[in-house]
1. Can we say residue 53 is within 13 Å of the ligand (Cβ to nearest atom), over 16 Å from residue 216 (Cα atoms) and out of contact with any Gly (no Cβ under 7 Å at 6 or more places or on another chain)?
2. Can you work out which of the residues in the stretch 101-120 that are within 15 Å of residue 160 (Cα to Cα) and open to solvent by 20 Å² or more (accessible area, probe 1.4 Å) is nearest to the ligand (Cβ to nearest atom)?
3. Being open to solvent by 50 Å² or more (accessible area, probe 1.4 Å) and either more than 15 Å from the chain's Cα centre (by Cα) or without any contact (Cβ under 8 Å) to a residue 12 or more places away in the chain (or both) is the filter here, so list the residues in the stretch 230-240 that pass it.
4. List pairs: first residue in the stretch 191-212 and touching a residue at least 60 places away in the same chain (Cβ under 8 Å), second residue assigned to a loop (DSSP other than H, G, I, E, B) and of a type outside the set (S, T, N, Q) anywhere in the structure, Cβ distance under 7 angstrom, at least six positions apart or on different chains.
5. What single numbered condition from (1) closer than 20 Å to residue 77 by Cα; (2) at pLDDT below 95; (3) among the β-branched types (Val, Ile, Thr) fails to hold for residue 169?
6. Looking at 88, 79, which is the one that is in contact (Cβ under 8 Å) with a residue 24 or more places away in the chain and among the hydroxyl-bearing types (Ser, Thr, Tyr)?
7. If only one of 136, 147, 98 is within 14 Å of the ligand (Cβ to nearest atom) and either open to solvent by 30 Å² or more (accessible area, probe 1.4 Å) or among the aromatic types (Phe, Trp, Tyr) (or both), which one is it?
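The values are calculated or read from the model by the stated rules, or taken from the named source; none is laboratory data. Predicted model, so just to flag it, every value in this text is computed and none were measured. Here the Cβ is made from the backbone with ideal geometry for all residues, glycine too, and neighbour counts use every protein chain on show. In case anyone asks, the SASA skips ligands and DNA or RNA and just uses the protein heavy atoms, side chains included. Shrake-Rupley method; radii C 1.70, N 1.55, O 1.52, S 1.80 Å.
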Amino acid sequence: MRQIVVTGGGTGIGRAIASAFAREGNGVVITGRRTDPLAAAAAAIDGDVTAIAFDAADPAQIEQALPQLPANVDVLVNTAGGNTDIGTPEPATLAELAAAWRANVDSNVLSAVLMTTALRPRLTQGGAVISFSSIAAHRAGAGSYAAAKAAIEAWNLSLAGELGTDQITANVIAPGFIDGTEFFRGRMTDERRETLIGQTATGRGGTPDDVAATVVFLASPGARHITGQVVHVNGGALSR
Ligand SMILES: NC(=O)c1ccc[n+]([C@@H]2O[C@H](COP(=O)([O-])OP(=O)(O)OC[C@H]3O[C@@H](n4cnc5c(N)ncnc54)[C@H](OP(=O)(O)O)[C@@H]3O)[C@@H](O)[C@H]2O)c1
């Protein structure tokens, strides 16, 4: 039985990833800051799922959580993140702008970098680390969120080199619009949804299960020579 750690596993894409790995008979640990969604996900998913609540961008909280995390980790999925600008007022001062940028870097970059570094000694030979970028990193419009996701893609190139000696792969998934998660914090309008769907070649929004299936593939025996890559899951939206 493989041991899988999914940060941000209580909701949205992370929850679908946890479900997919649990369905395959793996042991799955889901993490996030809020206990309620984690407990609900752990109860709803069939299989061996454990929930541990802590902030993946906070070094002290990670260190405190380490004894509860698996001694050996076959797959680490750094799903935790999101656009921290959504629902927050426009920064009016440089200090507010700095705080807003730091929030996106903490949420999207440090959560992955700190978790990967903390669990590095526990990653097993032949394992996989999968982190999250976004289509936003490849388009104008999303400011510090886009910059943070671009940083993940650049960091992953070094990570792939560091982990490769242990036959551990490091890849990034860059989703396009994925419907049915907490990402948009209730602010998605019908008009915006139609625009995003209109940008796809497939004529639909992505689902958390679309992304989960890609994660499961990247962690599978068939993907052992795929590393240092950004895999786009966007229905063709990037090129339209
Ligand atoms: N949905 C989309 O259209 C889309 C598109 C491109 C990329 N993405 C990326 O896909 C990933 C998953 O997003 P989603 O759509 O599934 O949204 P979501 O439902 O909001 O999931 C994000 C999860 O991350 C957790 N999280 C955030 N900050 C954290 C932290 N500091 N420590 C621990 N957990 C943290 C959240 O739980 P807590 O709040 O309880 O901590 C939540 O469960 C994100 O990295 C996002 O940027 C999403």
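1. Details: within 13 Å of the ligand (Cβ to nearest atom): yes; over 16 Å from residue 216 (Cα atoms): yes; out of contact with any Gly (no Cβ under 7 Å at 6 or more places or on another chain): no.
So residue 53 does not fit the description; no.
2. 113
3. Selection gives 238, 239, 240.
4. 207/179; 207/180; 208/180
5. Going through the list (1) closer than 20 Å to residue 77 by Cα; (2) at pLDDT below 95; (3) among the β-branched types (Val, Ile, Thr), residue 169 breaks only (2).
6. 79
7. Values: 136 fails: either open to solvent by 30 Å² or more (accessible area, probe 1.4 Å) or among the aromatic types (Phe, Trp, Tyr) (or both); 98 fails: within 14 Å of the ligand (Cβ to nearest atom).
From the options 136, 147, 98, the qualifying one is 147.
Residue by residue, here is whether (1) crowded, with 21+ Cβ neighbours inside 10 Å; (2) within 13 Å of the chain's Cα centre (by Cα) holds:
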| residue | (1), (2) |
| --- | --- |
| 166 | no, no |
| 171 | yes, yes |
| 196 | no, no |
| 203 | no, no |
| 207 | no, no |
| 211 | yes, yes |
| 219 | yes, no |
| 223 | no, no |
